[in-house]
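The values are calculated or read from the model by the stated rules, or taken from the named source; none is laboratory data. Not measured: the values here are computed from a predicted model. All Cβ positions, glycine included, derive from the backbone under ideal geometry; neighbour counts span all protein chains shown.
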């Protein structure tokens, strides 16, 4: 079983749609969580951190359920510019240092 | 520009050659990471430095790979006797502050082995 699992998609949605991505992780000791966005042939860029109480940044809402080891990302009012791959990322923070564990990513294509 | 920078952006070489990549992290960041990404996959961790000390190496990092961060600033990743399976995007990231702070990535070096 992969440490971080995501639905690969692609999700094809019209502009203005609401779309949700899900992610599960296997290491119950994981301490921090992120969503990164990656455009084609570019580096991953931090979209947002994910906090236990849930957090929102404009049109983006992230949720974390530690009991179920589940992370979600909701995008409201999709824009063409949201088209990208969204990477679910877990940071185990074990042994006094950290390394990010990435999911394979979920592709989103927003069309006019 | 105060982001993470990597050089070169692209490298094409023949199988069996040695290659070296460079990463300059964000100046105030003491942690530096190398990742490798292949098509359709998320980045995979290779190695981690805190200042000049290399604290972890993934099992993905065979003995043909070596990384250094001699003065705790820039880092180099060398691959000796390259193989076709080494073709990938090599990403460098840095972070500072506490261990839960996010990592910031450079543009990456895309390696193609002929």
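With the requirement that a residue be closer than 17 Å to residue A:90 by Cβ, surrounded by 19 or more Cβ atoms within 10 Å (Cβ to Cβ) and within 9 Å of another protein chain (Cβ to nearest Cβ), what does segment A:35-47 give you?
A:36, A:38, A:44
Does residue A:27 meet the test of being under 19 Å from residue A:104 (Cβ atoms) and either at pLDDT below 95 or assigned to a loop (DSSP other than H, G, I, E, B) (or both)?
Yes, satisfied.
Checking the condition under 24 Å from residue A:90 (Cβ atoms) and either within 10 Å of the chain's Cα centre (by Cα) or not in a strand (DSSP E or B) (or both), which residue from B:76, B:82, B:47 passes?
B:47
So, in segment A:61-80, how many residues would count as being within 26 Å of residue A:112 (Cα to Cα) and without any contact (Cβ under 8 Å) to a residue 24 or more places away in the chain?
1
Specify which of the listed residues (A:104, A:62, A:67) is farther than 17 Å from residue B:91 by Cα and outside any strand (DSSP E or B). Outline the logic, then answer.
On the way: A:104 fails: farther than 17 Å from residue B:91 by Cα; A:62 fails: outside any strand (DSSP E or B).
Being farther than 17 Å from residue B:91 by Cα and outside any strand (DSSP E or B) holds for just one of A:104, A:62, A:67, which is A:67.
So which residues in segment B:50-73 are part of a loop (DSSP other than H, G, I, E, B) and either within 26 Å of residue A:35 (Cβ to Cβ) or within 11 Å of another protein chain (Cβ to nearest Cβ) (or both), if there are any at all?
Let us first name the residues in segment B:50-73 that are part of a loop (DSSP other than H, G, I, E, B), namely B:51-52, B:58-64, B:69-73.
Within segment B:50-73, B:58, B:60 meet the criteria.
With respect to residue A:92, determine if the residue is more than 15 Å from the chain's Cα centre (by Cα) and over 30 Å from residue A:111 (Cα atoms).
On the way: more than 15 Å from the chain's Cα centre (by Cα): yes; over 30 Å from residue A:111 (Cα atoms): yes.
So residue A:92 fits the description; yes.
In segment A:21-34, how many are touching a strand residue (DSSP E or B) at 6+ places or on another chain (Cβ under 9 Å) and more than 10 Å from chain B (Cβ to nearest Cβ)?
9
Could you list, in sequence order, all residues of segment A:81-112 that are in contact (Cβ under 8 Å) with a residue 24 or more places away in the chain, within 14 Å of chain B (Cβ to nearest Cβ) and surrounded by fewer than 16 Cβ atoms within 10 Å (Cβ to Cβ)?
A:94
Being at negative phi and over 15 Å from the mean Cα position of the chain (by Cα) is the filter; apply it to segment A:2-17 and report the residue that is nearest to the other protein chains (Cβ to nearest Cβ).
So, considering only residues that are at negative phi and over 15 Å from the mean Cα position of the chain (by Cα), the one nearest to the other protein chains (Cβ to nearest Cβ) is A:2.
It is to be established whether one or more residues within segment B:10-17 are farther than 20 Å from residue A:101 by Cβ, loosely packed, with under 15 Cβ neighbours inside 10 Å and free of Cβ contacts under 8 Å to residues at least 24 places away in the same chain. Spell out the reasoning first.
Residues of segment B:10-17 that are farther than 20 Å from residue A:101 by Cβ, as a first pass: B:10-17.
In the following step, the residues that additionally are loosely packed, with under 15 Cβ neighbours inside 10 Å were identified as B:10, B:12, B:14-17.
In the following step, the residues that additionally are free of Cβ contacts under 8 Å to residues at least 24 places away in the same chain were identified as none.
Among the residues of segment B:10-17, not one is farther than 20 Å from residue A:101 by Cβ, loosely packed, with under 15 Cβ neighbours inside 10 Å and free of Cβ contacts under 8 Å to residues at least 24 places away in the same chain, which makes the answer no.
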